[in-house]
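Only one structure is covered here, and it is reproduced in the block below.
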Amino acid sequence: MRFKKPKELVATRLKEAGFRRPKLLFHPKRGDIFNRIAYGLVKGKFGIFTEKEIGEELLPGCKVDECYEIKLLAFMGDEKPDSAIVRGRKGIVNFSDIDFEYPLIAVDLSFYNKLLPREKKSLLNQIEITYGVVKDFFTPENFVLTSVSNEARKELEKFFTPYIPFSILDKPEQKEIIVLDPYGNKDFTHEEITPQTLIVVGGIVDSGERMIGSTKEIFPNVKHRKISYKGSIELVPDRINDIVKIVCQYLTEDISLSEAVRQNITRTAKLKWLRKELEKNLVRFSLKGKILRGIPEKLYKQWKEEFELTDFHFKKGAKHIGGFFVFKNTIFEKVEGKILKRKKEIFLLEELKNEDVVKVYS
C-alpha cells in the first residue's frame, strides 16, 4: 500500500480548519521541516494559535515549505501569516485523532562485529542519517535497529549521546518481515507493505567487497526483495540512508520503484554504471590503421536525458576506456567493410568527416 506523510495528514486538517499560512514562532531545525512539525502537532509538542490567542500581531514571514497549498512560514519575510505554531501548547486545532500508521524501517546489525573499524564508523554515521530520513517521511517511532550485539550497543551509546533516540528490537514481533537484498528473487513492491510490515536493511559497510551475498543470512526464512532499476541493481546506491530514502519515497509517492531509484542515483553509482555501459556498447571503427571507439548519438542522448549525465560523467567514463567519440548514423555511409578481431566486430572506414562526429571525449 501507499502512505500519506504526516505533513499531508496535518495539512489536510489545517485546510479544514481554515488555515493556509501558519508561521513558526521559533527557528526550525534541519530536515523536512513541515513533516517534523506535523509530527509535533499531532503529539502535542506544538500548537496552532491565532493573533487573538497570542495577544500580539504576527509579523510577516517567508515560505520554508508547502504541502497541499498550505504554506509553512518562518523567519522574516513578506507573507502575512494567518496563524502561528507555538512550542509546548496544544492550540486551537485538534490533531490528536490523527493516527500515524507506517511500516517499521530497521537496520540490522548482525554483521557489526565483522566490520573493520572504519566500516563501523561509517555505519554509525549512516544510521544517524537514516534515522533523519525516516523522520522526513514517516515518524521517529518508525526507525529501529535489530540484531544488536553487546559490542554494537556500547558503540551506539557512545555515538548517540546522551541516549540512543530510537528503539532496539531484540526479537521482532512483526509477522510480516521483508529484507532488502540485492540478490532477492523478486523486486520490492508497495503491494506487499502494510503498517504491520518490518522492512529490514542490512547494516553492512563492505569497503573491500568481502561480504557480497551476506544479506541472505539476515532473517533467512522471510521474504527477501531487491531494489532495482528496470531489473538491474547496478544503479542502486549501496549506502543505507540512500536505500531507505528510495524505499520511503516509493511508498509515499505515486511513482514506480525504478523512478524512485532514478531520482536518487548517486554520482558514484552513475559513474560505475556508465563505465560498464560504455564497455558493453562501444562500436569499433578502423581508419588508416587506427582503432576508433564510438557510441551512437541516439544512445548518448538517451543516457544524458534518462540519468541527467553531463560532460563530467562522460569524461570520467572516457578515461576508463581510453577515450571515445559520439557518432551520427551517417558514419556508416563511409564504411567499406568489416573484420572480426579478437571476437570484436570492427568497421573499416573509408573516411571520417566532421559532420559525422557529435562529440569527442578523450
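Quick notes on this structure:
- Restricting the stretch 26-93 to trypsin sites (Lys or Arg not before Pro) that sit in a DSSP loop and have at most 11 other Cβ atoms within 10 Å of their own Cβ leaves Lys29, Arg30.
- When both bridge partners sit in the chain, DSSP labels roughly 45% of those beta bridges antiparallel.
- ³J(HN,Hα) computed for each position of the stretch 95-102 - Karplus, 6.51 cos²θ - 1.76 cosθ + 1.60, integer Hz, glycine/proline x: 10, 5, 8, 7, 9, 8, 10, 9
- Shape summary: the stretch 91-131 maps onto an equivalent ellipsoid whose semi-axes, from the alpha-carbon gyration tensor, are 37, 13, 5 Å in decreasing order.
- Tail beyond 18 Å, pair distance distribution of the stretch 52-161 (Cα, percent): 67 percent
- Tail weight of P(r) past 18 Å, computed on alpha-carbon pairs of the stretch 127-187, percent: 48 percent
- For the stretch 104-265, the ratio of Cα radius of gyration to the globular rule of thumb 2.2 N^0.38 Å stands at 0.97.
- Net lengthening on full extension, Lys158/Asp238 (0.36 nm per residue, minus Cα-Cα): 26.3 nm
- Around the amide H of Glu66, modelled in the peptide plane, lie the amide H atoms of Leu72, all under 5 Å away and 5 or more residues distant in sequence or on another chain.
- Label positions at Ser362 and Asp78, each projected 7 Å from the Cα along the C-beta direction, are separated by 5.2 nm.
- Loop-located trypsin sites (Lys or Arg not before Pro) in the stretch 178-244 whose Cβ has at most 15 other Cβ within 10 Å (DSSP): Arg210, Lys230
- Angstrom value of the Kirkwood radius, inverse mean 1/r, which spans all Cα pairs in the stretch 6-87: 12.4 Å
- Here is the list for the stretch 43-74: chymotrypsin sites (Phe, Trp or Tyr not before Pro) lying in DSSP coil, each with at most 16 other C-beta atoms within 10 angstrom of its C-beta, are Tyr68.
- Estimated FRET transfer efficiency when R0 is 41 angstrom, pair Glu209-Phe312 (beta carbons, to 0.05): 0.95
- The share of alpha-carbon pairs in the chain lying farther apart than 36 Å comes to 42%.
- Residues in the stretch 13-45 that a label on Glu53 would reach, taking backbone N under 17 Å of a point 7 Å out along Cα→Cβ: 13-26, 37-45
- Pairs of Cα atoms nearer than 8 Å and 6+ residues apart set the relative contact order; for the chain it is 13 percent.
- With 10 Å bins from 0: P(r) over the stretch 273-361, alpha-carbon pairs, percent: 16, 52, 28, 4
- When each of the peptides 345-357, 5-17, 318-330 is scored by how many other beta carbons lie within 10 Å of its residues on average, the order from highest to lowest is 5-17, 318-330, 345-357.
- For the stretch 198-314, taking Cα atoms only, Rg and Dmax work out to 17.7, 62 Å respectively.
- Restraint check, Lys45/Lys171; Lys45/Lys121; Lys304/Lys359; Lys288/Lys334; Lys15/Lys43; Lys230/Lys344, Cα-Cα greater than 24 Å: Lys45/Lys171; Lys45/Lys121; Lys230/Lys344
- Residues whose placed amide H lies under 5 Å from that of Ser167, excluding near-sequence neighbours: Leu145
Every read-out reported here was derived from the displayed coordinates using simple, explicitly stated rules and does not represent laboratory data. If you're wondering where the values come from, they're calculated on a predicted model, not measured in any experiment. So basically every Cβ, Gly included, is an ideal-geometry build from the backbone, and we count neighbours across all protein chains shown.
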